[in-house]
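Have a look at the structure below before the remarks.
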Amino acid sequence: MSGAQIVAALDGWVERLAHLGASVVDRLRPGLGSAQIRRVAAAHGLTLSEEVAAVWAWHDGERVGTDVGTSVQFPGLTPGGAFYDLGTALETSLTYHRICGDDDLLTDPHASDSEKAAVWRREWVVFDSWLLPLVLATGPDGSTDTFRYDPQSGTEWVAHSSLPARVARWHEMIDRGAWRVEPDGTWAVEPALLPKVDRTWPVAERIRWTEIT
């Protein structure tokens with residue numbers, strides 16, 4: 001995966017939203033230059049990978065931290081979502097680290113993998129703020145994993161995928177009619193058209209189909 005592939009997937013998504021008349025498209029902010037991204041990240045004590053930096057080089061969010069309103073007033077890239085400017089996204093991420101992080105536990109040789117899985121890592125970045133934040137997590141090889149962080153289960157019982165693979169699921173939700181853009185540019189969700197989960201499936205497969213955003 002590369003930053004260019006991530007941007008191509010996001011561009012394809014926004015192109016589709018523009019065709020559907022989604023109002024979020026007109027609110028997308030200009031992307032940041034590489035020097036700006038490094039400066040904002042450094043101000044928060046962070047260094048972003050090439051893939052994560054590519055997201056805010058694409059667009060610096062569709063809103064800033066002072067934009068307060070409902071999902072009708074500020075529709076996101078997905079139903080209920082919020083894609084913030086880089087500064088706000090990093091501040092939000094570090095707040096999660098203060099609340100759900102435990103750097104000592106992560107280095108404790110006696111702590112179990114399950115215990116460590118529930119801990120927020122300082123380098124994680126929130127891409128989409130929702131009930132459960134959509135996290136961009138950089139691996140040792142620089143590749144980016146995405147998942148919805150749940151303090152109850154951490155990274156164990158959530159769906160993991162690359163960002164382009166996750167965007168592909170968003171397209172699928174529109175294809176099946178589960179998500180639609182209303183005439184006023186806001187989102188609507190049809191729960192009856194969301195994927196049905198077979199309880200006989202393996203747990204990992206059930207998670208994959210339950211977590212769609």
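See the values below:
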{"item": "Residue match in the stretch 160-170 (condition: free of Cβ contacts under 8 Å to residues at least 60 places away in the same chain and open to solvent by 60 Å² or more (accessible area, probe 1.4 Å))", "result": "yes"}
{"item": "Residue that is surrounded by the fewest Cβ atoms within 10 Å (Cβ to Cβ) [pool: residues in the stretch 37-81 that are touching a residue at least 12 places away in the same chain (Cβ under 8 Å) and among the polar types (S, T, N, Q)]", "result": "SER71"}
{"item": "SER112 being of a type in the set (Ser, Thr, Tyr), over 14 Å from the mean Cα position of the chain (by Cα), farther than 20 Å from ASP145 by Cα and open to solvent by less than 60 Å² (accessible area, probe 1.4 Å)", "result": "yes"}
{"item": "Evaluation of VAL25 against (1) surrounded by 16 or more Cβ atoms within 10 Å (Cβ to Cβ); (2) assigned to a loop (DSSP other than H, G, I, E, B); (3) without any contact (Cβ under 8 Å) to a residue 12 or more places away in the chain; (4) not polar (S, T, N, Q) (one fails), failing number", "result": "(2)"}
{"item": "Only one of ALA35, ALA9, ALA42, ALA18 that is within 18 Å of ASP128 (Cα to Cα), modelled with pLDDT of 95 or more and in a helix (DSSP H, G or I)", "result": "ALA9"}
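This table checks each residue for (1) within 29 Å of ASP11 (Cβ to Cβ); (2) assigned to a helix (DSSP H, G or I).
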{"position": "GLY80", "(1), (2)": "yes, no"}
{"position": "LYS116", "(1), (2)": "no, yes"}
{"position": "PHE127", "(1), (2)": "yes, no"}
{"position": "PHE147", "(1), (2)": "yes, no"}
{"position": "VAL158", "(1), (2)": "yes, no"}
{"position": "GLU172", "(1), (2)": "yes, yes"}
{"position": "PRO183", "(1), (2)": "yes, no"}
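The values are calculated or read from the model by the stated rules, or taken from the named source; none is laboratory data. Keep in mind that what you see is a predicted model, and the values were worked out from it rather than measured. Glycine also receives a Cβ, built like all others from the backbone with ideal geometry; neighbour counts cover every protein chain displayed. Heads up: the accessible areas ignore ligands, DNA and RNA and are worked out on the full protein's heavy atoms, side chains in. Shrake-Rupley method; radii C 1.70, N 1.55, O 1.52, S 1.80 Å.
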